[in-house]
1. Spin-label point model (7 Å from Cα, Cβ direction): what's the ALA67 to LEU201 distance in nm?
2. Please report the accessible area of ILE163 (heavy atoms, 1.4 Å probe, ligands and nucleic acids excluded) in Å², nearest 10.
3. Treating only the Cβ of Lys, Arg, Asp and Glu as charged (+1, +1, -1, -1), what charge dipole size does the range 84-169 show about its Cα centre? Round to the nearest 20 debye.
4. What does the extension gain come out to for THR136 and LEU80, with contour length at 0.36 nm per residue minus their alpha carbon separation?
5. For the range 86-168, what % of the accessible area comes from carbon and sulfur atoms, probe 1.4 Å?
6. Using DSSP to define loop residues, name the GluC sites (Glu not before Pro) in the range 128-164 whose beta-carbon has at most 16 other beta-carbon atoms within 10 Å.
7. Work through the residues other than LEU116 whose Cβ is under 10 Å from its Cβ and net out their charges, Lys, Arg +1 and Asp, Glu -1.
8. Determine the alpha carbon to alpha carbon distance for each of LYS94/LYS119; LYS94/LYS131; LYS167/LYS192; LYS92/LYS138; LYS52/LYS92; LYS68/LYS119 and list only those over 23 Å.
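The values are calculated or read from the model by the stated rules, or taken from the named source; none is laboratory data. Quantities reported herein were computed from a predicted structural model and do not represent experimental measurements. Methodologically, a virtual Cβ is constructed for each residue, glycine included, from the backbone with ideal geometry; neighbour enumeration extends over all protein chains shown. SASA here: full protein model, heavy atoms, side chains in, ligands and nucleic acids out. Shrake-Rupley method; radii C 1.70, N 1.55, O 1.52, S 1.80 Å.
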Amino acid sequence: MKKGFAVYAGAALLIVLVLSGCGSGKGASNAQVEASPSVKTIKLSLRHTQIKETSKVRLRIFQDVVAKTERENPGLHFELEGIDEVVNRDQKLKGEMAVGNPPDIFEVFGGADLHLYVKANRMLDLTPILKELGITSKFSSLDEFTVDGRVYGLPFGGYSEGIFYNKKIFADLGLSIPTTWKELIETADTLKAKGLTPFALAAKDPWAAGMMWN
């Protein structure tokens, strides 16, 4: 089952995402500012990967929030770019990060990818901004986007993975359904001690198998 959370949940959040894309190596200087008598026009590049047929609902939410943010902030304009997630992660973004020219706002994988870009000084520390807006607790977890206690990105989706179990084996061994990580490991150890394989997993694509360990 998949459970989404914080899917560009509002104008305030989107503004934070705007800031998250501007790493200290690039900063807000990338934005094009045009002077006018009353309002400055600020253009920010925003790259997303919501281009698949299965992403239509998320894309509409994303577009609605972008439009709402522009309406509430005269002069602010987002230049959207949709791109395949694999191309973005493995090719385009890596090249842009190498030369210090990523988009102002972009999607990035947490964990190893984020750590690499933080080390290269390409990401903006969002910690003080989150505290000022009081939205840190709005997310289920920020662990994947936290480096040395500082937050450098915000999640827009989350996933829950289901595990099937053999009722007969559990009944025969007097096992209860584990409800915590500790209980799951203990149950697996019990099954192994009985000569049984605790988990079985099959996947056509290797990355799908990695979902279990994520």
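1. 4.1
2. Per-residue accessible area (ILE163): approximately 90 Å².
3. Roughly 320 debye, rounded to the nearest 20.
4. Result for the pair: 17.5 nm of gain on full extension.
5. Details: 2640 of 5000 Å².
Within the range 86-168, the accessible surface is 53 percent carbon and sulfur.
6. In loop regions of the range 128-164 (DSSP not H, G, I, E or B), the sparsely surrounded GluC sites (Glu not before Pro) are GLU161.
7. Working: positive: LYS94, LYS119, ARG122; negative: ASP113.
So the surrounding residues net to +2.
8. Numbers: LYS94/LYS119 14 Å; LYS94/LYS131 30 Å; LYS167/LYS192 17 Å; LYS92/LYS138 31 Å; LYS52/LYS92 18 Å; LYS68/LYS119 34 Å.
Where the Cα-Cα span goes over 23 Å, the pairs concerned are LYS94/LYS131; LYS92/LYS138; LYS68/LYS119.
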